[in-house]
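Worksheet: one structure, shown below.
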Amino acid sequence: MSDNPTADEAVSDNLKVSKIHEAVIRIAGNSQDGIQSIGGFLARLAGRSEQEVMTFMTIPSTISGGPSIFQVRLSSGEVLTSGDEADVLMAFYQHSYDNHVDFVKKDGIILYDTAHVEPDPELEKRFRHIGCPIAELTVEAIGGTAKDKGKNIFALGLVARMFDLDSERLEGLIAERFKGKPESVTETALSAFHAGHAYPLTTLAEIYEFEEPKARDCEQVVANGNEALGYGILAAGVRFGAGYPITPWSDIMELLRRELPKYDGMFVQCEDEIAAVSMAIGASWGGRVAITGSSGPGIALKGEAIGWAVMAEIPLLVIDVQRGGPSTGMPTNVEQSDLNIACFGGHGDSPRVVLAPSSVEDCFYTAIEAVNIARKYSTPVIILTDQAIATRIEAFGMPKLKEICQDISPDLTPRDDHKPYDLSAPDGITQHAAPGTFIKSGKYPVVTGLEHNEMGHPSGSPKMHLDMTAKRHNKLKALGRDLPKPEAYGPDEGNVLLVGWGSTQGSLREATEQARKDGDSISALTIRHINPLPEGLENIFSGFNHVFVVENNDGGLYGYGQLCSLLRARFCDPKIEGINKTDGLTWRVKDVLARVKEKLEEK
Amino acid sequence: MSAIADIERKPLTKKELAADHPTWCPGCGDFSVLALYFKLLQKRGLHHEKFATVAGIGCSSRFPYFVQAHGTHYIHGRALPYATGIALSRQDLDVFVFGGDGDAFSIGGNHFNHCARKNVNLTYCVMDNNVYGLTKKQTSPTSPIGFKSKTDMWGAVDKPINPMQQAISAGATFVARTTHTNPKHLLAMMEAAMDHKGFAFIECLSECTEFYDGAFDSSNPRKGGEFRELPEDHDPTDENAAYAISEELVPGYFGVYYQISRPTKQDVEAEVNAKFLEKTKGLEDWEILQQNFDKMK
Ligand SMILES: Cc1ncc(C[n+]2csc(CCOP(=O)(O)OP(=O)(O)O)c2C)c(N)n1
Ligand code: SF4
Ligand SMILES: [Mg+2]
C-alpha cells in the first residue's frame, strides 16, 4: 500500500479504515487450489470499478499441479507492472510462506492458513502476521468433506473484507462464473465467500479502502494477452486458422476454434505445425488472410513454409507466444528469445514483418495492424508475444468494435490482366488475384517458391533474382517509412535511455518513473515494430549518453541480447549496450534499476 | 462467388489451357497425366477461375506451370495441407493436387494420412515413378527392393510403401490406381475422382524414362506386359477386399479399389457451424464479438 494511510479514518466493526492508493496482493498455494480464479475475480472487479489492474502468475508445467502463485496489483491510479513486492501475502502452505516471504514489503501483511503454516518467530517481528484457519473454516461454511475445495473463494472473502471491496459486485461475478452449473454450486461458493468476509480481522486492527479512482470516459474490460490477441484476430476479419497445440499458444487456438464457427469461419487442428502453416498459407492464397501460430519449437518447424510465403509474397499472420527455450526449454516461463528466429529464421534472404505488442490492450490492436500490413504488403507478419503478456490480466478501455471490426472477404473482381509479381509496382508492393478471379487476358498467375518472373513462372536469370530480391525487401523498406515514429517515455534527452520490446514495457516505464523520482535522468523506449524498424530511432538515441537494451534473453557471446544485436547492427553505435537475464521471470523494477546502476558504475 | 456469369461459355481449348511448355524429359510419363488433365477440364467444362492446381516439389510437381489457371507450386511434401487450406476456405473451387511418390509418401507421408482421415474434399493424383526424379535417382519410398539407385547402389533394401493399402487404412474414401500408358483409363479415373465427394486419391504409374526406364513394362501391353483391371466382381465398398487385392505392387491391378461415402471435412465443419450460426443469425460480426467483450466487463 504504497501511500501512507491518511488520517481519514472511519470506524467499522471497531476496525480502523485507512485510505490507500493501491495494493499488491500475492496469493501463494498450489495450482489445484484455484488460486488463479481468486486473482481473476479481483482483476475483473477492478475493471468494473474503473481501477487499473495487472496480474502475474506462475503455473507449474506439470498437470498434476504444484506450487503456484497469482499476484494482482490493484490501483486507483496507473498500473505499469504487477509490482515487485507484495503488500499482502496470502500463504496457503508452508512452502508458500517460505518461498514468498521475501517478496513482502517491509511492514507488509502475511495472511496464512494456521492449519498448514508455522510462522517463523523472527519474521513475525518484521511482518504483520494474521493466522486464519482457512481450510477448517471453509469446510465449516460449506460442509461436506470437500477437503480443500472452496478455500479460494473463502480467501477471496477475506481479501474483500480487508480491502473493503464491493462485495455485491464480487457476489455478482461469482454467480456469473458458475452460471449454467447447478444452483447449489453458486450457493456453496457464496457461503464460502461470506464466511471469509465475516472472519474477524481483529489482529489486523485496520482495514483498507481504495481512494476513488479517476472517472473514465469508457467502460473497461479485463482480459489476458492471449484473449486480447485472439479477439483482435477476429476483429481483424480473419476467418480461417490452423494450428497444433503447444503452451502457451494453445489458448489462442482454442479460443479461435470456439469462436470462429459463429462467423462461419473455421479453425483446424492439424497433424503438426508444418501442416498448420501450410494450411493457413493455402487459405490466405484463397484471398483472405489466415492465421497460424505456435511457440518456439513449432515456429522452428514452420520456418520453411514462412520462407515460401516470403518468396511467393503471400499474406499470412503468424503468432509466436514465446516461452523459455531452446527446445522444450521452460514451457511455462517467460523469455524473449525468439526475436532472431522471427526476423532471421528463414533460409535465404527472406525479409518478413515482425511486430511485438507491449501490453494486453496492444495485443488486440496489433492483431488488426498485422493483418492490414499482411494484406497491403502481401507478406507474412509475425507477432511476437510471450508467456508473461499471454497470461497476465490487464484492464483496458472497451474497444469500439463497430468501428474497428473489418470485412476482409476475398476480392474476386474480374480483371483485364494481372501480373502477380509486377516489378514496375511502386515500392515493389503488389497483391495477388485470388483463385476464382476471372482474368480477361487468359493469362493466369502461378504463386511459387522458385525464383520467378513477373507472372510467377520459373526464372533462373541473374537479373530476375536481383530484381525480385530487391522487390521483396523494398516493400518492407516502404513499410518502415510508413510506420509511426517512436516516442520516448519521459524526456527526449538525458543520461540513460532504456530500450525494450514486448512485455517488459511496464517494468521499464515504472523504472523510469522511480529513477526520476530519485533524481536520475532515465527515459524509456518501447520498440513495437521490430522488423522493419521504424524511422527516427537514431534521433532518439542521440539525446542520451547511454542506450541500454533491456531484454528477457541471453546476452550471448558478446553481451548483447537479440534486439540489442539488431540495433547495434543497424546503427553501429557503440553506446548501445545490453542488459539481459534468463531466469524465466519478468523483469522487476528494482532489478532493472540495480542493473542500470551496475552498468553505469562499470564506466 | 465468381463475378462471371456462366453464360454459354465454351469449354476451354487445349491452347487456352496450356501454359509453359513442360520441361520434362522426352518420354516422361508425366506428359500423359498433363494431357489428360487438360482433357478432363475440357470435358467437364471447367473454366480457368473455377479450379486450382496445387503441387509440391519434384519433376511431377512442376505441373502447375504447365496449366493456364490459378496455380501453386508449393514446398516439398506439403501440397496436401496447403490444398486443404484452399479447399476448406474456398469451397467454390475444384482443387486438384499433383505430386510425386517421394513428395506424397516420404516427406509428406503424415499429411497424406491426415488428409485422408479428415476426408478433405479434393483430388490428389500421385505420379508414381518409384524413384526420385528431380534429384536424379535416389531411392523413393515406393522403389522396389533391389532397385539400384544413387543412394542404394547395391539395390534398395527397405520395404516399399504400398500406396493403395496406406490410403485405405488411413481412411481415404476414394482410392484408385491407373497408369500413364492407358489414357482412356487414366481419364476415367480422374473423372471418377473429381466426382467423388471427399478425399479422392489416384496413384498413377508414371514412368521416369531417365532414371527408371521400363519400371512398369509389366503393366504395359505394348511392352509385352498386361494391363489388368480389377476383377469384375470386386466390390469397392468392401474395405477388406480392397486391402487384400492391393497386395501386389507392380504390375498390380488398375481401377477403383475402394470408394465409400463419408461426410467430408467440409460437411462436418459446416454442421458444427450451423449450430452456432443459428444463434448468431441476424447479428453483424461486431455484435457477435461484442458479446464476448460484454462478458469481460
Ligand atoms: C525440404 C526439401 N528437402 C529436399 C528437397 C529436394 N527434393 C526435391 S524433389 C525431391 C524428391 C522428388 O521425388 P518425387 O517426389 O518422387 O518426385 P519426382 O521428381 O520423382 O516426380 C527432393 C528430395 C526439397 N526440395 N525440399
Ligand atoms: S527425370 Fe524422370 S521424372 Fe523427371 S522429367 Fe525426366 S523422365 Fe520425368
Ligand atoms: Mg518420384
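None of the figures in this text is laboratory data; all of them are computed from the coordinates on show. Just so you know, these numbers come straight off a predicted model, no measurement behind them. Virtual Cβ from ideal backbone geometry, glycine too; neighbours counted across all protein chains shown.
Among DSSP beta bridges whose residues both lie in chain B, state the antiparallel percentage, nearest 5. Working shown, then result.
Numbers: 7 of 34 bridges.
So the antiparallel bridges in chain B amount to around 20 percent.
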Counting only other chains, and only Cβ atoms inside 10 Å, what mean value do you get across the residues of A:43-50? 1
Ordered by fewest other Cβ atoms within 10 Å, a rough proxy for footprinting exposure, A:V499, A:V310 read A:V310, A:V499
Antiparallel DSSP beta bridges within the range A:5-210, percent to nearest 5: 50 percent
Over its Cα atoms, what ratio of radius of gyration to 2.2 N^0.38 Å does the range A:496-603 give? 0.98
Counting DSSP beta bridges in the protein assembly as shown, what percent are antiparallel, to the nearest 5? 30 percent
In whole angstrom, how far apart do the alpha carbon centroids of the range A:236-308 and the range A:545-567 sit? 31 Å
A:L45: net charge of surrounding residues, Cβ under 10 Å, Lys/Arg +1, Asp/Glu -1, itself excluded? +2
Which whole-number percent of Cα pairs in the range A:344-395 have a distance greater than 18 Å? 39 percent
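First select every other residue whose beta carbon is under 12 angstrom from the beta carbon of B:T280; then total the charges, Lys and Arg +1, Asp and Glu -1.
Here the charged neighbours net out to -2.
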Label model pair A:E176, A:S461: point-to-point distance (7 angstrom along the Cα→beta-carbon line) in nm is 6.3 nm
Two-site label geometry, A:K400 and A:E219: point separation in nm, points 7 Å out along Cα→Cβ: 1.6 nm
Would you mind calculating the relative contact order of the range A:259-338 from Cα pairs under 8 angstrom and at least 6 residues apart, reporting the percent as a whole number? 25 percent
For chain B, find the longest principal axis of its Cα atoms and tell me its angle to the long axis of helix B:30-43, 0 to 90°, nearest 10. 40 degrees
With the calculation restricted to Cα positions, what are the radius of gyration and Dmax of the range A:188-252 in angstrom? 20.8, 57
Taking Cα centroids, how far is the range B:92-165 from the range A:125-197 in Å? 61 Å
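Find, to one decimal place in angstroms, the Kirkwood hydrodynamic radius of chain B, where the mean of 1/r is taken over every pair of different Cα atoms and then inverted.
Its Kirkwood hydrodynamic radius stands at 20.2 Å.
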Rounded to one decimal in Å, the inverse mean reciprocal Cα-Cα distance for the range B:36-175, i.e. its Kirkwood radius, is 15.6 Å
Which of A:L123, A:L255 has the fewest Cβ neighbours within 10 Å, and the rest in rising order: A:L123, A:L255
Using only the Cα atoms of the protein assembly as shown, each taken as one equal point scatterer with no solvent, compute I(q) by the Debye sum, divide by I(0), and report log10 of the ratio at q = 0.06 Å⁻¹. -0.50
Take peptide B:28-34, look around each residue's Cβ out to 10 angstrom, count Cβ atoms belonging to other protein chains, and average those counts. 0
Helix axis angle, A:562-571 relative to chain A longest principal axis, alpha carbon, degrees: 50 degrees
For the range B:31-83 and the range A:34-75, distance of Cα centres in Å: 53 Å
Computed FRET value (nearest 0.05) for B:A244 with A:E140, which takes r as the C-beta separation and R₀ as 60 Å: 0.30
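What does the charge add up to near A:K440, with Lys and Arg as +1, Asp and Glu as -1, over the other residues with Cβ less than 10 Å from its Cβ?
Working: positive: A:R415, A:K443; negative: A:D416, A:D417.
After counting each charged neighbour, the total is 0.
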Using r as the Cβ-Cβ distance of B:K197 and B:E8, and R0 as 22 Å, what FRET efficiency do you calculate, to the nearest 0.05? 0.20
Compute the relative contact order of chain B as a whole-number percentage, counting only Cα pairs closer than 8 Å that sit 6 or more residues apart in sequence. 16 percent
What is the helix-to-structure angle for A:505-517, meaning the angle in degrees between its Cα long axis and the longest Cα principal axis of chain A, kept from 0 to 90 and rounded to the nearest 10? 60 degrees
Filtering trypsin sites (Lys or Arg not before Pro) in the range B:1-80 by DSSP loop and by at most 16 other Cβ atoms within 10 Å leaves B:R9, B:R44
Quickly work out the B:K275-to-A:L123 label distance, labels modelled 7 Å from Cα along the C-beta direction, and quote it in nm with one decimal. 4.9 nm
Ascending count of other beta-carbon atoms within 10 Å, so fewest first, for A:T247, A:T448, B:T142: A:T247, A:T448, B:T142
Hey, can you rank B:146-153, A:297-304, A:464-471 by average C-beta count inside 10 Å, highest first? A:297-304, A:464-471, B:146-153
